[in-house]
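All remarks here apply to the structure that follows.
Nothing in this text is a laboratory measurement; each read-out follows from the coordinates by a stated rule. The structure displayed is predicted, hence computed values, not measured ones. Methodologically, a virtual Cβ is constructed for each residue, glycine included, from the backbone with ideal geometry; neighbour enumeration extends over all protein chains shown.
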Amino acid sequence: MKKLLFPIVFALTAFLFVYSCSTDEDDAPPPAAIVKKYTLAVTAGEGGSVSSSGGTYSQGTQVSITATPSSGFAFSQWSNGSTTNPITVTLNSNTNLSASFTAIINSYTLTVTAGEGGTVSTEGGTYDEGTEVTITATPAEGYEFVGWEGSDSTEALLTLNLNSNQTISAIFKSLDLPQNLLNFYNENGGRDSFNSNQILALEALILGFNKIKIGDFEEAKLMVDNVFNKIPYSESLWMDNTHGFSHCKNCSLNIGAPIAYYGLRMLDDIIFLGNPEKNGIINMTVVIAPCAVVSRPTTPNLDEEIVNLYVNPKIIENDFQLLKNSTALFRNWVKAITGGLEINLSFVQIDNCTNVNFTYDGVNVFSYPDTHNMINSVSESISEETDFWWVIAPSGVPGDGSDFDIQGDFITGGMGLYGPGLPVFISDDAWFTRKPEHMGVGDYNEIEIMAYMPQWFQHEFMHHLFRKWNEFGLEESGHQWFDRSTWPSDFIGVYESDYYAESIRKRFLNSSPSLREGLKAPEKISLESNPSIILGNYRREPVENLWHEVNITINNNGQFYWNNSAGVSWTLEIVDGLLYSGDDCPYGIQELNVISAGGVVTEIYFNNEPYTKI
Ligand SMILES: [Zn+2]
């Protein structure tokens, strides 16, 4: 107060003095006291604001300023080094003041889990805000990754930017793959080692057929239709997916060529035909030789060696399961194309060993068992009932055949004939246990059997159909379908199994006799009571030489004769109602099967060939 009083008193004194001596100009008053002004400039750095930008203040004025951080920032300090906030500044000079702020680094928790059927690459943890975290979801075999709970992404590789606590879970779905397919994938590098089209085809075949087996026709149809919608019949993609992968030298797998294609087309036929119910049977008798005296080639000169071999126990074990699996789809397909004839498999292990012999034509080695002898060892009661034969003997191929430097392959099977034109599948035991060298490497897996064997059985079976219904001219020269230019003009497609599907749908479903009639063994007739019914003219179609035109006659002594147009004759004998050639026949003594319909002879089989009565 003392300080303030002085200027006022002084001012009053001056006023009075000025008032009384106003004319005295020389008497100037003393200068007023000078009040200094200072400028304050306040700024805010990035991440916040200040309560005042400053101004001009009298010396000594105290100004209070507050620094306010933006969201995500914290006040750090003033440019004068103070960390007080709000700060009070006393103006004694021009002052610049700046508030600085620093970004707040939050840390967040990420929790990552995997649902059933897979794993994730991280369980998560605590991360600074803004950290990028990459997570990979990996399905277990038999599952597929579907998406994330906690993210909209459907990619198995997910990158997250952490800005909050997050919980995320990988979702997997079971593919409902059967155990044998899971085992197959596990043994072959996992499902991911196959491309998507290979997986599509193989799984549609295995799962589709499983659906047919449990009667789920609709689901099977969806699966098969899906495959052929994505990869239509005959597309080159079918083969592109196969090259170097399946059914080749050095291929580790044989799941058919094109992969699963034969089986899928057969499944497609089954679905097309409505998978008819059983309404009859075809008796297929499997004749298994327990052992064989095997003549087989040796390296390097294909010199013969003779070994005694037993049939592979895998053929017989578990109630012939391997043979049942190998034919499962084929049998179902035959049932479909015959309108319901079920193949009744019965297994006969004959008592005696067979012989296996080989020939070499300069390209291929052919190795076959003594098929007729094997079938002749089967009891008469079974033989009479059999419509279709299948013989299996120890293999005449050493190993898988890969040690042999031959131009071609070991041929160990095919389609034969027995008796009255009955078809015979001929095979060696190794055919069902390991890949032959031209089809891959190593033992077969159950899935390979299911994927490849329909191809083999269908191929051999079609030889029989083309031979028996030769009026269709579908195999005028062997395997003619491998030359596309030989295909009938109404056949579409490119692959062998396209040819088969076309043959079935465009020819055999309307054939006469029907497949249903023609696949049953013809009715043999006994000549015991009336042998003269065999008299008359016969012809083997097509007639290729004069031996194919025959007249059966009888002389005054009751002796029957087989006379051909080439002028060659031999005797015929009847024993217990059965017809045999005599010992003067150039082909030796053999049974001639006499086939009848309604008590009238229609055909006589000689040398496995039908001679039709005219
Ligand atoms: Zn063939």
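Set the Förster radius R0 to 45 Å, insert the Cβ-Cβ distance between residue 580 and residue 176 as r into 1/(1 + (r/R0)^6), and round the FRET efficiency to 0.05. Here the calculated transfer efficiency is 0.15. Taking a straight Cα-Cα cut-off under 15 Å and skipping sequence neighbours fewer than 8 places away in the same chain, the aspartates and glutamates within cross-link reach of residue 249 are 400, 403, 405, 409, 437, 443. Computed on the range 444-549, with alpha-carbon pairs under 8 angstrom and 6+ residues apart, the relative contact order is 10 percent.
Spatial offset of the range 264-329 relative to the range 512-585 amounts to 33 Å, using the alpha carbon center of each. Taking every DSSP helix (H) stretch of at least 4 residues in the chain, weighting each as -39,500 (n - 2.57) and dividing the sum by the residue count yields a mean residue ellipticity at 222 nm of -8000 deg cm²/dmol.
So, in Å, what gap is there between the alpha-carbon centers of the range 36-106 and the range 178-221? First find each Cα centre; the distance between them is then 73 Å. With the simple model of a label 7 Å out from the Cα in the direction of the Cβ, residue 218 to residue 235 spans 2.7 nm. The amide H of residue 140, built 1.01 Å from its N in the peptide plane, has 118, 119 as neighbours under 5 Å, considering only residues 5 or more places off or on other chains. In order along the range 603-613, the Karplus-derived 3J(HN,Hα) couplings, from 6.51 cos²θ - 1.76 cosθ + 1.60 at θ = phi - 60°, round to 8, 10, 8, 10, 6, 6, 10, x, 10, 7, 6 Hz, and Gly and Pro are given as x.
With a cut-off of 10 Å between beta carbons, the residues surrounding residue 115 carry a summed charge of -1, where Lys and Arg count +1 and Asp and Glu -1.
Relative to the compact-globule estimate of 2.2 N^0.38 Å, the Cα radius of gyration of the chain comes out at 1.91. Backbone geometry of the range 281-292 corresponds, through the Karplus equation with coefficients 6.51, -1.76 and 1.60 at θ = phi - 60°, to 3J(HN,Hα) couplings of 9, 10, 8, 9, 9, 9, 9, 10, 7, x, 7, 8 Hz, x marking Gly and Pro. Measuring max minus min along each principal axis, the C-alpha atoms of the range 107-174 give extents of 38, 18, 14 Å (largest first).
For the chain, what is the percent of antiparallel DSSP beta bridges, rounded to the nearest 5? So the antiparallel bridges in the chain amount to around 70 percent.
With the cut-off at under 16 Å, measuring from each backbone N in the range 175-219 to a point 7 Å along the Cα-to-Cβ line of residue 321 picks out 178-184.
For the range 57-72, 3J(HN,Hα) computed residue by residue from phi via the Karplus equation (6.51, -1.76, 1.60; θ = phi - 60°) reads 9, 5, 3, x, 5, 9, 10, 9, 10, 10, 9, 10, x, 6, 4, x Hz, glycine and proline entered as x. Here 464, 459 are placed in order of increasing Cβ neighbour count within 10 Å, fewest first, which gives 459, 464. In this structure, the amide hydrogen of residue 38, modeled 1.01 Å from its nitrogen in the peptide plane, lies closer than 5 angstrom to those of 57, 58, 59, counting only residues at least 5 positions away or on a different chain.
Taking a straight Cα-Cα cut-off under 23 Å and skipping sequence neighbours fewer than 8 places away in the same chain, the lysines within cross-link reach of residue 324 are 211, 213, 278, 314, 335, 435, 520. Among 385, 460, the ranking by other beta carbons within 10 Å of each residue's beta carbon, starting with the fewest, stands as 385, 460. Taken along the Cα-to-beta-carbon direction at a fixed 7 Å, the label points for residue 107 and residue 88 span 3.9 nm.
Compactness ratio for the range 469-614: Cα radius of gyration over 2.2 N^0.38 Å (N = residue count) comes to 1.29. In terms of surrounding Cβ atoms within a 10 Å radius of their Cβ, 578, 175, 322 rank from fewest to most as 578, 175, 322. Taking Lys and Arg as +1 and Asp and Glu as -1, the other residues whose beta-carbon sits under 13 Å from that of residue 161 total -3.
Need the C-alpha centroid separation for the range 116-142 versus the range 415-433, integer Å. When both Cα centres are located, 56 Å separates them.
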